[in-house]
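The values are calculated or read from the model by the stated rules, or taken from the named source; none is laboratory data. These numbers come from a predicted model, not from an experiment. Every residue, glycine among them, receives a Cβ derived from its backbone with ideal geometry; neighbour counts consider all protein chains shown.
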Amino acid sequence: MNPDKVKKIGFAALGAWVLLAGGLGYLAYDAVSSRTEAEDTLEEENSAFRRFYDASVFPSAASIDSVKSNEMAWGAWYDAAFALAGRGDRELPSETPPVFKQRLQATVRRLQSLPGEADGKLSAPTFFFGFEKYLGETDALPQPDDIPMLAAQLDFIEHFAEALAEAGVREVKSLSCVAPKSDAEGECARHLDYVVTFSTRPQGLIRTMNALAVSSRFVSVADFSFKETADSITPRLSADSNKDSAARGRGGRRGRRSAAAEEQVDESKKENRLVTDPAVNAVFDVTMTVKVYDFRQPPEEEETAAKKKKKGAR
């Protein structure tokens, strides 16, 4: 073989080997550089996080001051709203069962004597404003644990009865207190439902609703219904239905009677005819459910709060 040709082949092979070695070297360098760059980036991000997490103030002092300021503003608003909602709540004394029983008897006697139209009184002498269990024939003594709730009930019933008497209600016929089925979590006040039935004229009903609307106590009327006390409509409809049934049973005999005889009117029924004159001052029986919220803290809760505060101070 020609030496020149061999030399050329050798130089070509050497050049190819150099190119291959250079490519492999570049690929290895690129891989090492990328790894080093990724490691540097990770270390930089980790260092930044540690500097933020291990800072002497986390979060910043400004944000902490803002949170404290917001807490103080919210606390002031809550105290003002709570005081406004409970502005009508009166402080209740801590009483023993005999002392409360004496006060209950005196209060109910005073409510019975309020002006009305049941022999000049707001209620009958045998009506005890929802306290039949402790007054009248039973005459039981309340349990000490029941006195705080009974005192709260007596406080509102006294306030409510005075409003009814001032509104011109004729007579209070029934009154009962319905405790809620379960205490909802997060409620800031206890609430009780009072169901009352009383007789009054339209003006008295309007005055009662207005008195509850402007009452300083936190109350709302959940529902109410009324009907005329001397309701002659339902009996008359029943009588007319019976008369029609009897007429159908007699068949055609009714047609043979004279028209004059059929048109005779019973004069005694004229006074009970249905009219739409607003001047008619009919008496209604009103049944009303009043929801009452009590923002006072019960005595047992006050003692618990005082004990927790004293324990925390230690």
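Every listed requirement among (1) among the polar types (S, T, N, Q); (2) surrounded by 13 or more Cβ atoms within 10 Å (Cβ to Cβ); (3) without any contact (Cβ under 8 Å) to a residue 40 or more places away in the chain; (4) out of contact with any strand residue (DSSP E or B) (no Cβ under 8 Å at 6 or more places or on another chain) is met by residue 126 save one, (2).
Go through region 65-109 and give me each residue that's of a type in the set (Lys, Arg) and within 17 Å of residue 295 (Cβ to Cβ).
87, 90
Scanning region 241-254 turns up no residue that is at pLDDT 90 or above, farther than 30 Å from residue 79 by Cα, assigned to a helix (DSSP H, G or I) and of a type outside the set (Asp, Glu). Looking only at region 154-170, residues that are of a type outside the set (D, E, K, R), in a loop (DSSP other than H, G, I, E, B) and surrounded by fewer than 20 Cβ atoms within 10 Å (Cβ to Cβ) come to 1 in all.
Scanning region 98-153 for residues that are under 22 Å from residue 166 (Cα atoms), of a type in the set (A, V, I, L, M) and part of a helix (DSSP H, G or I) returns 104, 106, 108, 111, 152. Note on region 39-95: residues that are of a type in the set (Ser, Thr, Tyr) and loosely packed, with under 10 Cβ neighbours inside 10 Å total 2.
Exactly one condition in (1) within 23 Å of residue 88 (Cβ to Cβ); (2) of a type outside the set (Phe, Trp, Tyr); (3) modelled with pLDDT under 85; (4) assigned to a loop (DSSP other than H, G, I, E, B) is false for residue 181; which is it? Of the numbered conditions (1) within 23 Å of residue 88 (Cβ to Cβ); (2) of a type outside the set (Phe, Trp, Tyr); (3) modelled with pLDDT under 85; (4) assigned to a loop (DSSP other than H, G, I, E, B), the odd one out for residue 181 is (1). Residue pairs whose Cβ atoms lie under 6 Å apart, sitting 6 or more positions apart in sequence or on different chains, and linking a residue in region 142-159 that is on the phi < 0 side of the Ramachandran plot to a partner that is of a type in the set (Ser, Thr, Tyr) and crowded, with 18+ Cβ neighbours inside 10 Å, are 142/134. The set of residues in region 77-97 that are assigned to a helix (DSSP H, G or I) and over 21 Å from the mean Cα position of the chain (by Cα) contains only 97.
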